[in-house]
Amino acid sequence: MQDPPSEVGCALDEIDTPALILDLDAFDRNVAKMASYAAFAGVGLRAHAKTHKSSAVARRQIAAGAVGQCVQKVGEAEALVSGGIRDVLVSNQVVAATKLDRLAALASQAQIGLCFDDPEQVIAASRAASRAGVVINGLVEIDVGMARCGVPPGRAGADLAKRIADAPGLRFEGLQAYHGRAQHLPAAPEREAAIRGAIRAVQQTQEALAAAGLSASTVSGAGTGTFRIEAESGVYTELQAGSYAFMDLEYAGISGPDGTPFAEFEHSLFVLSAVISVAGAGWCVVDAGLKSFSGEKGPPRVHGREGYEFLGMSDEHGKIAMLDTADPPRLGDKVMLIPGHCDPTINLHDWYVGVRSGVVHELWRIDARGASR
Ligand SMILES: Cc1ncc(COP(=O)(O)O)c(C=O)c1O
């Protein structure tokens, strides 16, 4: 891990590059907006740490009102628990005995939830929890339209819930009902239709649970693209949104309810790069490429410089066209880029450099960076 690219009190221009910049004012507004909306709607906010990968961010989300955090990986849960987070849901399947033992070890320090979609996984998790003498909260993941993990809604969900309820070391808590494919559907009515289907799938499963003498105290799901629909459904009890804190270009590309751009949240996350070459005719090159931001959802966008258009990237280089600009770049100039996709971009950095009014105020470790096991 590298040292931070800056010190507190430095000006933006003095930050070493490439660096991950967090506009703290915009970040605070995003965090507060989602937290107050969740409180208003009467649902819990269990913000997703797969996005931010940092116990420092998690602590701020919880201070603003989040009930806890979601993670996808045991390593992420370990980083959060050692950073003081006491309520973590693994919104994913964990199967290997070694991983389940690590998760069970965390359950003596924090409330730990885990998703299930297979009876064999129930047996393995029950053994791990029993070995450690702890209780893990089990959520049955139902496939509400994403076609990733999850049992079919209805009877299959209730059958698995019964196995969890009967397994030593496990407690049946509820349902995981996240519809990932709905989040980035471009038109709001398409997203709404997809989530209406998810809500029906949850209701069908709740009826099957009731017939089996069980009930789900938690129904967890939703992301940044659809959170209002789940929150207002009367069926979901928790929101798992993650990207809302940062707002990337992928989310900027979907529409709001009236067809206008999706403007729920502000861009707070940037990659700061520096111009390393102006030798080309009509373009310059910055020191940030695919090792500084992810490219799978498209290139980043240049922020705050008129006439600069990001052309393409290789591992260490970003090529930027200057289109008729009155602001030509000089060697060493700093260029801010808005990433296409926040999660994999953050996972490339060791530090958030938190900036207010052009001055570095905070340096936060990305302590779950690379925690993929
Ligand atoms: C299970 C789960 N919940 C929540 C989220 C958060 O979604 P978003 O970052 O779009 O808010 C994700 C993202 O992929 C996810 O996989």
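List of remarks:
- Averaging 1/r over every pair of different alpha carbons in the chain and inverting the result gives a Kirkwood radius of 21.6 Å.
- Projected over every direction and averaged, the convex hull enclosing the alpha-carbon atoms of segment 235-373 yields 11.4 nm².
- Pair Glu120, Gln203: separation of 7 Å Cα→Cβ label points (nm): 3.6
- Those lysines that a straight Cα-Cα span of less than 27 Å connects to Lys50, excepting residues fewer than 8 apart in one chain: Lys33, Lys73, Lys99, Lys291, Lys297
- Ranked packing of 257-270, 212-225, 144-157, most packed first, by mean Cβ within 10 Å: 212-225, 144-157, 257-270
- Angle in degrees between helix 24-41 and the longest Cα principal axis of the chain, rounded to the nearest 10: 30
- Between segment 1-58 and segment 96-132, the C-alpha centres lie 30 angstrom from each other.
- Using the Karplus relation 6.51 cos²θ - 1.76 cosθ + 1.60 with θ = phi - 60°, the per-residue 3J(HN,Hα) values for segment 290-307 come to 5, 8, 10, 8, 7, x, 6, 10, x, x, x, 10, 6, 10, x, 10, 4, x Hz, with x marking Gly and Pro.
- Given charges at beta-carbon only (K, R positive; D, E negative), |dipole| of the chain in Debye: 1120
- Peptides 176-189, 84-97 ranked from most to least packed give 176-189, 84-97, packing being the mean of other C-beta atoms within 10 angstrom over each peptide's residues.
- Based on every Cα atom in segment 24-81, Rg and the maximum pairwise Cα distance Dmax equal 11.3, 33 Å.
- Cα-Cα P(r), segment 221-274, percent of pairs per 10 Å interval: 22, 46, 25, 5, 1
- Centre separation in Å (Cα based) which lies between segment 340-366 and segment 164-242: 31
- Among the protein heavy atoms of the chain, carbon and sulfur supply 51% of the accessible surface, probe 1.4 Å, non-protein parts ignored.
- Accessible area per residue, Å², the chain with all protein chains present, probe 1.4 Å: 41
- Largest GNM mean-square fluctuation across Leu100, Leu323, Leu80, computed for the chain with C-alpha springs under 10 Å, falls on Leu323.
The values are calculated or read from the model by the stated rules, or taken from the named source; none is laboratory data. All values derive from a computational prediction rather than experimental measurement. In this analysis, Cβ positions are derived from the backbone assuming ideal geometry, glycine residues included, and neighbour counts consider all displayed protein chains. Areas reflect the complete protein model, heavy atoms only, side chains present, ligands, DNA and RNA absent. Shrake-Rupley method; radii C 1.70, N 1.55, O 1.52, S 1.80 Å.
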